[in-house]
Amino acid sequence: MSLMKKILAFNTGSSSIKFAFYEMSEAEHLVFTGSLTRIGGQNCTFSVQDAQGNSLASESVAAQDHDVAYDYVFSWILSDNNGCQPDAIGHRIVHGGHLYSSPQRVTPDLIASLETLIPYAPEHIPQALKAIRHAAKLFSGTLQVTCFDTSFHSTMPPVAKLYALPESVRKEGVQRYGFHGLSYEYILFELQRQAGVEAVQRRLILAHLGHGASMAAVKNGKSIDTTMGFSPAGGLVMSTRTGDLDPGVLLFLLQQNKMSPEAIKKMVNLQSGVLGVSGRTDDMRGLLNAEHADEAARQAVELFCYQARKYIGALSVVLGGLDTLVFSGGIGEHSPEIRGRICAGLEFLGIRVDERKNSTHSAIISQDGEPVEIRIVTTNEELMIVRHTMRILNKLKK
């Protein structure tokens, strides 16, 4: 029997921190999972639950930046987890650039190379590096592992990675990378667990629809295309990000409106998406509640669903057909209204939603006998981080 190992996972976002603590042996035992959301905002919330979903902590906190947020999170872990020392700590790193396509052990050289990738993901990598440094101070000598969101899409064919830009620019690493890879990895593992290995060898579209949103075309278990490109701001309309945007718009804003690059970065990442269209909220539930009385809210929801529907069509062409559509992420898992509206009009592809199954969040929500199976799979990026970290730990113990 293998010895039990304790693994702490950190999933750092631009305005949130999610974390989980697992005890790993033959079985995967969740001890607690938590989050600190809306960092830098007014409604910053810290919450922790145990494996049964019981609340261990739930409070509003003042976290004006990630440094304060990490102090708070690590303080809780150390005090409320009986000062438990993890055997290893895993971190989600949004962007591996052209340097990394697999999980890596944290070393000074790795930290230095990640700092060179900050221009690729300036809203995410600096915050993740802060998490690594915080953990190194508190858990000196403990193995830390980085898990890259871009790794999953390294299997895309060269043409799917290519931008129509001069070679001198492409040599700087400007290409399509794709993101949400840890989520997609977990979804494939879970799909295989539920439906067998043949289920992941089919033509799949995986839709991770949350605050950030993307889709991936997967064939024979490998990513062959995805909606996000060089950065997590591209592709689908998201909560606060634009999704795909004509570069002429950015040139117009730079030249005519005299906006600075910093102001444009803030607009594209934090002030756009359904928040920008609605002018009121980035929360899909709030928009659905308001759309009957608010035309801007209705337009925001309609645009979100329209763009998602359009990309399902495009990715189906890339795949040469479609066998399975999987919804995941906060919106994909919990909003039958959005799932139904995205699928409406795709009947010609064999996509037909069973309204009863959809309304009750059944594992399979497609109508019986239809050529395309529609599934809901709950994703778990933190557990994927734990699994990768455990593999690195085991290799080092050999």
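What the table shows:
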item: Given (1) part of a loop (DSSP other than H, G, I, E, B); (2) β-branched (V, I, T); (3) within 24 Å of I93 (Cβ to Cβ), number of the condition V237 does not satisfy; result: (3)
item: Test: residue in segment 62-72 that is aromatic (F, W, Y) and modelled with pLDDT under 95; result: yes
item: Residue that is nearest to H208 (Cα to Cα), among those in segment 134-150 that are open to solvent by 20 Å² or more (accessible area, probe 1.4 Å) and among the small types (G, A, S); result: A136
item: Any chance L253 is open to solvent by less than 30 Å² (accessible area, probe 1.4 Å) and more than 30 Å from G40 (Cα to Cα); result: no
item: S55 vs. criteria touching a strand residue (DSSP E or B) at 6+ places or on another chain (Cβ under 8 Å) and exposed (fewer than 14 other Cβ atoms within 10 Å of the Cβ); result: yes
item: Scan of segment 259-290 for residues that are surrounded by 14 or more Cβ atoms within 10 Å (Cβ to Cβ), closer than 16 Å to S231 by Cβ and among the charged types (D, E, K, R), ordered by number; result: K265, K266
item: Residue ID - surrounded by the fewest Cβ atoms within 10 Å (Cβ to Cβ), chosen from residues in segment 154-165 that are over 18 Å from Y120 (Cα atoms) and of a type outside the set (A, V, I, L, M, F, W, C); result: P158
item: Number of the exception - A131 against (1) touching a strand residue (DSSP E or B) at 6+ places or on another chain (Cβ under 7 Å); (2) open to solvent by 50 Å² or more (accessible area, probe 1.4 Å); result: (2)
item: Qualifying positions in segment 220-235 - charged (D, E, K, R) and surrounded by 19 or more Cβ atoms within 10 Å (Cβ to Cβ); result: D225
item: Yes/no for H91 being touching a helix residue (DSSP H, G or I) at 6+ places or on another chain (Cβ under 9 Å) and either assigned to a strand (DSSP E or B) or open to solvent by 30 Å² or more (accessible area, probe 1.4 Å) (or both); result: yes
item: Checklist (1) in contact (Cβ under 8 Å) with a residue 24 or more places away in the chain; (2) β-branched (V, I, T); (3) farther than 29 Å from G273 by Cβ; (4) open to solvent by less than 20 Å² (accessible area, probe 1.4 Å) applied to I205, failing item; result: (3)
item: Candidates I77, I111, filtered to the one that is open to solvent by less than 40 Å² (accessible area, probe 1.4 Å), in a helix (DSSP H, G or I) and free of Cβ contacts under 8 Å to residues at least 40 places away in the same chain; result: I111
item: Inter-residue pairs, beta-carbon under 9 Å, first of a type in the set (D, E) and in segment 26-55, second in a loop (DSSP other than H, G, I, E, B), 6+ apart; result: E26/M1; E26/S2
item: Leading residue by the ranking (nearest to K395 (Cα to Cα)) among those in segment 115-128 that are modelled with pLDDT of 90 or more, open to solvent by less than 40 Å² (accessible area, probe 1.4 Å) and among the hydrophobic types (A, V, I, L, M, F, W, C); result: A128
item: Among the residues listed as L162, L117, the single one being without any contact (Cβ under 8 Å) to a residue 24 or more places away in the chain and touching a His at 6+ places or on another chain (Cβ under 8 Å); result: L117
item: Tally, over segment 70-105, of residues that are over 27 Å from S151 (Cα atoms) and of a type in the set (A, V, I, L, M, F, W, C); result: 6
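Results for (1) open to solvent by less than 40 Å² (accessible area, probe 1.4 Å); (2) within 19 Å of L383 (Cβ to Cβ), shown as yes or no for each residue.
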| residue | (1), (2) |
| --- | --- |
| T12 | yes, yes |
| T37 | no, no |
| Q42 | no, no |
| V48 | yes, yes |
| V61 | yes, no |
| A69 | yes, no |
| C84 | yes, yes |
| L99 | no, no |
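The values are calculated or read from the model by the stated rules, or taken from the named source; none is laboratory data. If you're wondering where the values come from, they're calculated on a predicted model, not measured in any experiment. Virtual Cβ from ideal backbone geometry, glycine too; neighbours counted across all protein chains shown. Heads up: the accessible areas ignore ligands, DNA and RNA and are worked out on the full protein's heavy atoms, side chains in. Shrake-Rupley method; radii C 1.70, N 1.55, O 1.52, S 1.80 Å.
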